[in-house]
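The values are calculated or read from the model by the stated rules, or taken from the named source; none is laboratory data. Since this is a predicted model, take the numbers as computed values, not measurements. When we count neighbours, we look across all protein chains shown, and the Cβ atoms used for this are built from the backbone with ideal geometry, even at glycine. Surface accessibility is based on the protein's heavy atoms, side chains included, excluding ligands, DNA and RNA. Shrake-Rupley method; radii C 1.70, N 1.55, O 1.52, S 1.80 Å.
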Amino acid sequence: MKSFKKQTCKLLSILLTTSMLAMSGCGLFDDDYDEDYDERYEDYLSSDNSTSGGHSTAGGAGVNTTLYDSSAVRQHQVQLKGNNQDKVTIMLYMNGSNLETDDGEATTDLSEIINAGSSDNVNVVVQTMGTKKWQNYSINANHSQRYEVSGSGLTLVDDSLGQLDCTVASTLGDFISWSAANYPADRYILIFWNHGGGPVYGFGYDEWNSDSNAALTIDEMQTALKNGGVYFDFIGMDCCIMSSLEVCVALYDYCDYTILSEDFESGLGWYYTDWMSKLYNNSSIPTTELGQYIVDDMVSANERDTYAGDNSILALIDESMMRVLWTAWTDFAYANEAALLDNNYSRVVIRANNGRIHPAIQEKFPVDSALVSRSGIKDYFYSDYYSDEESYSLSQYYITDIMSLASTLDTAESNALRSAVNNTLLYVRASAGDAGLTGISITLPYGDSTFYADLRTIFNNCGFDSKYVDWLNKFVSAEGTSSYYDYSDWDDDWDGWDYYDDDYDWDTWDWFDDDSYDYWDDWNDDSWGSSFWDYWDYDDFDYDYYDSYYYDDDYYYYDDDYYYYDDDDWWY
């Protein structure tokens, strides 16, 4: 097990000033987009008036400088009373789907919550949906229900819902508003439970939905959260691959923190008993402390359970830093465009389908059976319990780890990006098999026009910077679409998060404080609308990369992981 970043919440004292800007409801970008902004911004940067404050980067006609504004760090909006006086409502949006029908994984987690006990200050409400067979607690699979969960078990509180579809915005929005009206609190927590497909494919697989590809996309999440009318202490997703910059940006208006997984989750997912017990004992426990318990509990549970557990990673993310991270990322991305297009930097991290892999993915992605056999994954992961011979890679979702990318492309913008990631990820822990991941990803659609078409619709509906969404189209025809970058050298050199703690002095960053140069003017709150997308309709995945690495080579088993050995270097 490798611990990336074990530390209590940084107060961000370097970043915060007395003149903070509270950003509730305004979005990551402002509404009044100035069409002339880009040209004037570049003119400004190339003029003598620009100040780099010790951080300057070459690019374009002049200096492409990353500017930092202390007001870009939003104040946290949930203010705790303290002394165990806070009223807390946890909303568990539980879509059991095939995970419950086949293996009872949803009711296993409900048992973990029951085992945590109870508290007069904490209410846990769950909405059950999306599965054709609940394995325990007499939950009705023929229609959706709402329960209170406590140490004494489940108490049915609403049996009038009918069969709800978890993949539509109104279902989530109604659950949020109902929960807040019936269980008012000082502190609200929302947890998504089911399958996850990243920032493009979204959340959820509903067994009762005739469209097996339907899901709740991040633009639909925004609509639901907006209509639900609740601001959350944190939003957690007990599902796969949702820890991306795009997801965090989409949730910016609605929570102080997020807790998300960058990799596929095993069937175990989160472990609820211990961290919920701590919340019951102290309803005023700081989120930064509670988040660490959630992260530790999940990774430790997966490490303990050698049968159902798997490699895992979970991150506590500070949503107040999204403006800083978005700026650092886009400055880095635009300045390093040629390098990004030259290689496919999506992470090649292979997982078998013994976890929360969406059934639609299993149907759509072709599987190279020779790859599975050569890699040894088949022998380890598949027994009579796992009958399908399938494995999947993060690269099929075009997931690129931001920190490893910034460390691989060691350019003038890299320090700022690494520091922004370091200050955004408050706590990250991973098992040994996920040592090559650092907590948060970015989506670069290498060589896939269908995927980009879905991305474009969803990102535009979310109100993302239109310039950036257009820029991503370049990756569809990038030269390096089939040439994967090998991160093994960077993985070997990774020394952990402490290395980055003091690598950049944010205090030296300056900002051109003129409204006419407002960097954050691309958000469009009027861009709400439903998204129509041909879900999972991917181009065939290119396994040529793997063939060159796995053919006629030896594999070694160590500490629950397989390693490739070529007589010179270890490669995971």
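Considering only Leu444, Ser395, Ser407, whose Cα is most displaced toward the positive end of the charge dipole of region 391-454, charges sitting on Cβ of Lys, Arg (+1) and Asp, Glu (-1)?
Farthest towards the positive pole: Ser407.
Please report the accessible area of Thr107 (heavy atoms, 1.4 Å probe, ligands and nucleic acids excluded) in Å², nearest 10.
10 Å²
When only the heavy atoms of the protein chains count and the probe is 1.4 Å, how do Glu289, Glu246 rank by accessible area, highest first? If you can, show how the numbers build up before the last one.
On the way: Glu289 75, Glu246 0 Å².
Ranked list, largest accessible area first: Glu289, Glu246.
With every protein chain left in place, what is the accessible area of Lys132 in Å² (1.4 Å probe, nearest 10)?
110 Å²
Among Ser393, Ser150, what's the order by accessible area (1.4 angstrom probe), most exposed first?
Numbers: Ser393 5, Ser150 30 Å².
Accessible-area ranking of Ser393, Ser150, largest first: Ser150, Ser393.
In µm²/s, what is D for region 267-355 at 37 °C and 0.692 mPa s, where D = kT/(6 pi eta Rh) by Stokes-Einstein and Rh is the Kirkwood radius from Cα pairs? Please list the in-between numbers first.
On the way: Rh = 16.3 Å.
The diffusion coefficient I find is 201 µm²/s.
Any idea of Thr217's accessible area? Nearest 10 Å², probe 1.4 Å.
0 Å²
I want the local charge near Ala478. Using Cβ-Cβ distances under 11 Å, sum +1 for each Lys or Arg and -1 for each Asp or Glu among the other residues. Could the numbers behind the result be given before it?
Values: positive: Lys474; negative: Glu337, Asp342, Asp448, Glu479.
Spelling it out: positives minus negatives among the neighbours equals -3.
Assigning unit charges at the beta carbon (Lys, Arg +1; Asp, Glu -1) and nothing else, what dipole magnitude in debye, to the nearest 20, does region 127-237 show about its Cα centre? Each step should come with its number before you reach the end.
Values: 5 positive and 12 negative charges, 35 e Å.
Dipole magnitude for region 127-237 comes out near 160 debye.
Report the Cα centroid-to-centroid distance between region 292-327 and region 236-282 in angstrom, as an integer.
After rounding, the separation between the Cα centres reads 7 Å.
When only the heavy atoms of the protein chains count and the probe is 1.4 Å, how do Asp410, Asp174, Asp448, Asp297 rank by accessible area, highest first?
Details: Asp410 115, Asp174 90, Asp448 0, Asp297 20 Å².
Most to least solvent-accessible, the answer reads Asp410, Asp174, Asp297, Asp448.
So, with +1 on the Cβ of K and R and -1 on the Cβ of D and E, and no other charges, what is the size of the charge dipole of region 226-300 about its Cα centre, to the nearest 20 debye? Intermediate values should be presented prior to the final figure.
Details: 2 positive and 12 negative charges, 49 e Å.
Charge dipole of region 226-300: 240 debye, to the nearest 20.
With θ set to phi - 60° and the Karplus curve 6.51 cos²θ - 1.76 cosθ + 1.60, what are the ³J(HN,Hα) couplings of region 414-426 in order, to the nearest whole Hz, using x for Gly and Pro?
5, 4, 5, 5, 4, 5, 5, 4, 4, 7, 8, 8, 6
Under the √(5λ) rule applied to the eigenvalues of the Cα gyration tensor, what semi-axes describe the equivalent ellipsoid of region 202-352? Give them in Å, descending. List each step's numbers first, then the result.
Numbers: eigenvalues 136, 91, 74 Å².
Value: 26, 21, 19 Å, ordered largest first.
For Val124, which sequence-distant residues (separation of 5 or more, or a different chain) have an amide H within less than 5 Å of its own amide H, given hydrogens modelled in the peptide plane?
Residues meeting the criterion, in which the H sits 1.01 Å from N, are Ile90, Val149.
From the phi angles alone, apply the Karplus equation (6.51, -1.76, 1.60; θ = phi - 60°) to region 262-271 and give each ³J(HN,Hα) in whole Hz, x where the residue is Gly or Pro.
Working through the residues one at a time gives 7, 10, 5, 9, 6, x, 5, x, 6, 10 Hz.
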